[in-house]
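Single-structure report; data block below.
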Amino acid sequence: MTRTNYLNVQYGVRSWLLTTDHKRIALLYLAAITLFFFIGGAFAVMVRLELVTPQGDLVEAETYNKMFTMHGVMMVFFFLIPSTPAVLGNFLLPMMIGARDLAFPRINLLSWYVFVVGGVIGLGAAISGGVDTGWTFYAPYSSTYTNTAVITTALGVFFAGFSSILTGFNFIVTIHKMRAPGLTWFRLPLFVWAHYATSVIQVLGTPVIAITIILLAMERVMRVGIFDPKIGGDPVLFQHLFWFYSHPAVYIMVLPAMGIVSELVTCFSRKKIYGYSFIAMSSVAIAVLGFLVWAHHMFVAGMSLYASMVFSVLSFLVAIPSAIKVFNWTATLYRGSIVYQTPMLYAFGFIGLFTIGGLTGLFLATLAVDVHVHDTYFVVAHFHYIMVGGSVMAYMGGIHYWWPKISGRLYPEGWARFSALVLFVGFNLTFFPQFLLGYLGMPRRYHSYPEEFQVLNVMSSAGASILGVGYLVPMVYLVWSMRYGKPAPANPWSAKGLEWNTPSPPPTFNFDQTPVVTEDAYVYQKADEEVPVG
Amino acid sequence: MWRGFPLFPEAASTIASGVDTIYLFLVALSLLLSAGIFLAIFYFAVRFRRRHPGEVPAPVHGSLPLELFWSFTPFVIMMIVFGWGTSLYFRNYNPPAGAMEIFVVGKQWMWKIQHPEGQREINELHVPVGQPVKLTLATEDVIHSFYVPAFRVKMDAIPGRYTSLWFHATRPGRYHLFCAEYCGNQHSKMGGTVHVLEQPEYEAWISGAARGRSMAESGEELFQRLGCFTCHRADMPGRGPVLEGVFGNPVTLQDGRRVIADEAYLRESILNPGVKIVAGYRTRMPTFQGQINEEQLMQIIAYIKSLPPKGRLDTEP
């Protein structure tokens, strides 16, 4: 029974901290980002508590400003961006393509250390006083006016960015060079396509934020005039540079999530995915178009009419590949054999919330409407529907789906379904009222607000407490299951995909023999016949 | 806490109804599309639920026409929304000729407002109903954003340049004024009230409001005090160009380019005189960066604007 696997092959801290096994590194990432998630969540709790009353009476304005800033910084740079790629991608990508590891196992470990250094610097900045610029670091506030820990925080982000580049580049090389015999590009699981597109964005986009941070530091420390017009700079330049990375970064967060959903929808409806090549190519289209829409964050920052027009039309276009995915997932269900296991509940949740997030994105792309809702709670609601309703839902679905593979144990299904439902309800109660608040005109980043907005804010804060429970319960039962869960079989879901053709948990080098692939992904319709391997 | 629990904002400008119409159209479209998707998912999830463990569903083949249909249909819908939203934006962008002008300077954490006649307000803005009003925005420090939800207008005040927005209020009343771009500690306190007044009330207000000099008069005083007049003379070309009648007209620069002498050009030429020098002159003018604030700059520009044309010695036709 005690087969040697990646978990029991060696014990001791050293064997973890010096590992080059992509599966162990994935777990190192899992531990790190879970910590950052709960820290970022704690900041969100403070924000929602403050907003229960219209007066800014719980904490000082300065403290509140630091809370929402560090909530954003932690969640975006230290949780969302690494979440799916660095944990699930790291764990699964080599297995899905039949490889023993990533192309550069030591660089993979390096990326984790770089990430941890960034995280420690970021946390250090938070503890030693914090930063109050908003996660967007807009100049010249960040470069000249604030006296908070801008440089330290930005340095943390800078390091996290390099970790992201290393991971992306490792994935690209791995997907190109290490696919098993017979695993052609169009036989790849859509999870792999999504990670390929994500990696391209990471490698091409992240250096721009690194440069932007250096320029910001040069201005703040050495007073080189780059963004502050008092010393010869241009503050709008900062916004162009910042969003040139940070808009594609949204796709770093959501593309891998889409990859997860493609896997879940096929497995739990026992169907070949509908429109495989359309889903795969829409990931690539999103990666390309995603680089061309950054200035839609700046429609009221004094851009010319024609620039606004171009960025508006491109922002509409980038929505089309996402719509194509949603339609294809829905069509996959048609005449399937559908079960409602927890991962599938999360997939349904993703599709629903992502659809709302995407449709409300159209409001923001519409120039005349954006003028009104820009920088209001409408935007806050929109991007939480994408990033939390979309990315985090899918991430949770993925964690549950591959948990038996990762831990070798089954999680308790009843608790898991219950908390998926709690999350869905809590999420909508938290963020739906914010759409209404935004159209009413409540600006974001407000410590106090006019009285008439209170009812909706109380609803949002109540939802947030439910949401908090929805995240804590899985934390408890997943940890519990590592010791007390039922041992998992190699393929508990009768899923297709090479990762299920190896024991749970897998041995260090994943496969005893390199698998040979002779058919497309997701061939569910040939009964329970095994994928021919070997 | 339930007192006044609105779900839809007041509409008090000519722009508002157009924005609301697109918004409601998008709401309807979103409801329709998401209802379609959700009902399909719900129906499939129930209708095609697994009935016995070994069930193997029949394969469904992809359909190119279907894929093209659901790629092309959203495209058409989006282009319609794009065209609609953009044309409205274009219409809302430029103020109508003859709009009343008001000057706004954002400063951590207040809005300082000057009326051309000289009235000044902080975090309050009085405007008449039924008349287009153009605001010129500047900021002394960081980026701010002037936002009046009831008018559906918003524009950033950006350091180092002028931006503008306009509205035409349609209903008397008091409306929220917010700063929408995060600007530091007291960001959420940087706001106040826009008072839209009936014409007679507005006239009563404007004559009753403590009035010093008009903006142009204050500008003239600065023009004297800063010694501008020693080079920019009205009667003859001095060391600097004659400023009479220059506003709004083209100016030929040293390098042959022609620019319109608008607010942005005048602002730049006062703060950074060496950048765009008028043909026939040399850079002798010192920078006034740091010596005058944005409000004073606006006054000097108001003064220059007020100067009547007296021949075009250096601004060729």
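The values are calculated or read from the model by the stated rules, or taken from the named source; none is laboratory data. Just so it is clear, the model here is predicted, and its values are computed rather than measured. Every residue, glycine as well, gets a Cβ built from its backbone with ideal geometry; the counts of neighbours run over all protein chains shown.
Results for (1) part of a helix (DSSP H, G or I); (2) surrounded by 17 or more Cβ atoms within 10 Å (Cβ to Cβ); (3) more than 14 Å from chain B (Cβ to nearest Cβ); (4) of a type in the set (Val, Ile, Thr), shown as yes or no for each residue.
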position	(1), (2), (3), (4)
A:Val114	yes, yes, yes, yes
A:Leu123	yes, yes, yes, no
A:Gly134	no, yes, no, no
A:Phe158	yes, yes, yes, no
A:Gly168	yes, yes, yes, no
A:Pro181	no, no, yes, no
A:Phe186	yes, no, no, no
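Kindly evaluate A:Val221 against the criterion of being farther than 30 Å from A:Ser494 by Cβ and in contact with a helix residue (DSSP H, G or I) (Cβ under 6 Å, 6 or more places away or on another chain).
Numbers: farther than 30 Å from A:Ser494 by Cβ: yes; in contact with a helix residue (DSSP H, G or I) (Cβ under 6 Å, 6 or more places away or on another chain): no.
The answer is no for A:Val221.
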### Query
Are there any pairs with C-beta distances below 9 angstrom linking a residue in the range B:43-60 that is of a type in the set (Asp, Glu) to a residue that is assigned to a loop (DSSP other than H, G, I, E, B), with the two at least 6 apart or on different chains, and if so which?
B:Glu55/A:Arg270; B:Glu55/A:Ser337
### Query
Among (1) charged (D, E, K, R); (2) under 22 Å from B:Phe103 (Cβ atoms); (3) surrounded by fewer than 19 Cβ atoms within 10 Å (Cβ to Cβ), where does B:Arg239 come up short?
(2)
### Message
Here are the criteria: (1) touching a residue at least 60 places away in the same chain (Cβ under 8 Å); (2) assigned to a helix (DSSP H, G or I). Tell me which single one A:Tyr340 does not satisfy.
### Response
(2)
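Filter the range B:82-99 down to residues that are more than 7 Å from chain A (Cβ to nearest Cβ) and assigned to a helix (DSSP H, G or I) and give me whichever is farthest from B:Thr14 (Cα to Cα). Quick ask: steps written out before the conclusion?
Step one: list which residues in the range B:82-99 are more than 7 Å from chain A (Cβ to nearest Cβ), which gives B:83-84, B:87, B:91, B:94-99.
With the extra rule that they be assigned to a helix (DSSP H, G or I), the set shrinks to B:83-84, B:87, B:91.
Working: B:Gly83: 20, B:Trp84: 17, B:Ser87: 15, B:Arg91: 11 Å.
Within the range B:82-99, the match that is farthest from B:Thr14 (Cα to Cα) is B:Gly83.
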### Task
Might you check whether a residue that is modelled with pLDDT under 90, in contact with a helix residue (DSSP H, G or I) (Cβ under 6 Å, 6 or more places away or on another chain) and surrounded by 15 or more Cβ atoms within 10 Å (Cβ to Cβ) occurs anywhere in the range B:268-287?
no
#### Entry: Filtered residues of the range B:148-162 (kept if over 9 Å from the mean Cα position of the chain (by Cα) and within 7 Å of chain A (Cβ to nearest Cβ))
B:Pro149, B:Arg152, B:Ile158, B:Pro159, B:Gly160, B:Arg161
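Does B:Arg213 satisfy the condition of being surrounded by fewer than 16 Cβ atoms within 10 Å (Cβ to Cβ) and touching a Gly at 6+ places or on another chain (Cβ under 8 Å)? Before the answer, list the steps.
Numbers: surrounded by fewer than 16 Cβ atoms within 10 Å (Cβ to Cβ): yes; touching a Gly at 6+ places or on another chain (Cβ under 8 Å): yes.
Considered against the rule, which asks whether it is surrounded by fewer than 16 Cβ atoms within 10 Å (Cβ to Cβ) and touching a Gly at 6+ places or on another chain (Cβ under 8 Å), B:Arg213 comes out as yes.
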#### Entry: Residues of the range A:348-375 satisfying the condition of being among the aliphatic types (A, V, I, L, M) and facing another protein chain (nearest Cβ under 7 Å)
A:Ile351, A:Ile356, A:Leu359, A:Leu362, A:Leu367, A:Ala368, A:Val369, A:Val371
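Suppose we filter B:Ile77, B:Ile15 for residues that are touching a strand residue (DSSP E or B) at 6+ places or on another chain (Cβ under 8 Å), assigned by TED's automatic domain parsing to the domain that holds B:Gln131 and outside any loop (DSSP other than H, G, I, E, B); which single one remains?
Numbers: B:Ile77 fails: touching a strand residue (DSSP E or B) at 6+ places or on another chain (Cβ under 8 Å).
Going through B:Ile77, B:Ile15 in turn, the sole match is B:Ile15.
Considering each of A:Ala464, A:Ala521 in turn, give the residue that is of a type in the set (A, V, I, L, M), within 30 Å of A:Pro54 (Cβ to Cβ) and touching a Lys or Arg at 6+ places or on another chain (Cβ under 9 Å).
Working: A:Ala521 fails: within 30 Å of A:Pro54 (Cβ to Cβ).
Exactly one of A:Ala464, A:Ala521 is of a type in the set (A, V, I, L, M), within 30 Å of A:Pro54 (Cβ to Cβ) and touching a Lys or Arg at 6+ places or on another chain (Cβ under 9 Å), namely A:Ala464.
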### Summary
The one condition B:Ala138 fails out of (1) within 20 Å of B:Glu294 (Cβ to Cβ); (2) within 9 Å of another protein chain (Cβ to nearest Cβ); (3) part of a strand (DSSP E or B) is (2)
### Summary
Filtering the range B:115-135 down to residues that are surrounded by 20 or more Cβ atoms within 10 Å (Cβ to Cβ), without any contact (Cβ under 8 Å) to a residue 60 or more places away in the chain and away from chain A (no Cβ under 14 Å) yields B:Val133
## Note on the structure
Being at pLDDT 95 or above, among the aliphatic types (A, V, I, L, M) and within 18 Å of the chain's Cα centre (by Cα) narrows B:Val104, B:Val81 down to just B:Val104
### Summary
From the option list A:Ser461, A:Ser465, single residue qualifying as among the hydroxyl-bearing types (Ser, Thr, Tyr), within 14 Å of another protein chain (Cβ to nearest Cβ) and out of contact with any His (no Cβ under 7 Å at 6 or more places or on another chain) is A:Ser461
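If I ask for residues that are more than 9 Å from every other protein chain (Cβ to nearest Cβ) and part of a loop (DSSP other than H, G, I, E, B), which ones from the range B:167-200 would you list?
Quick first cut of the range B:167-200, residues more than 9 Å from every other protein chain (Cβ to nearest Cβ) only: B:167-175, B:177, B:190, B:192-200.
Residues satisfying the conditions are B:Thr170, B:Arg171, B:Pro172, B:Met190, B:Glu198.
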### Query
For A:Ser282, which of the numbered conditions (1) buried (at least 24 other Cβ atoms within 10 Å of the Cβ); (2) at the interface with chain B (Cβ under 7 Å from one of its Cβ atoms); (3) among the polar types (S, T, N, Q) fails to hold?
(2)
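Per-residue answers, yes or no, for (1) in contact with a strand residue (DSSP E or B) (Cβ under 9 Å, 6 or more places away or on another chain); (2) in contact (Cβ under 8 Å) with a residue 24 or more places away in the chain; (3) buried (at least 17 other Cβ atoms within 10 Å of the Cβ); (4) on the phi > 0 side of the Ramachandran plot:
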{"residue": "B:His187", "(1), (2), (3), (4)": "yes, yes, yes, no"}
{"residue": "B:Gly219", "(1), (2), (3), (4)": "no, yes, yes, no"}
{"residue": "B:Cys228", "(1), (2), (3), (4)": "no, yes, yes, no"}
{"residue": "B:Arg258", "(1), (2), (3), (4)": "yes, no, no, no"}
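Is the range B:157-166 home to any residue that is in a loop (DSSP other than H, G, I, E, B), assigned by TED's automatic domain parsing to the domain that holds B:Asp141 and basic (Lys, Arg)? Full working, then the answer.
So the first thing to find is which residues in the range B:157-166 are in a loop (DSSP other than H, G, I, E, B), and the list is B:158-162.
Narrowing the set further to residues that are assigned by TED's automatic domain parsing to the domain that holds B:Asp141 leaves B:158-162.
Next, from what is left, pick out any that are basic (Lys, Arg): B:161.
Yes, there is a match, as at least one residue in the range B:157-166 is in a loop (DSSP other than H, G, I, E, B), assigned by TED's automatic domain parsing to the domain that holds B:Asp141 and basic (Lys, Arg).
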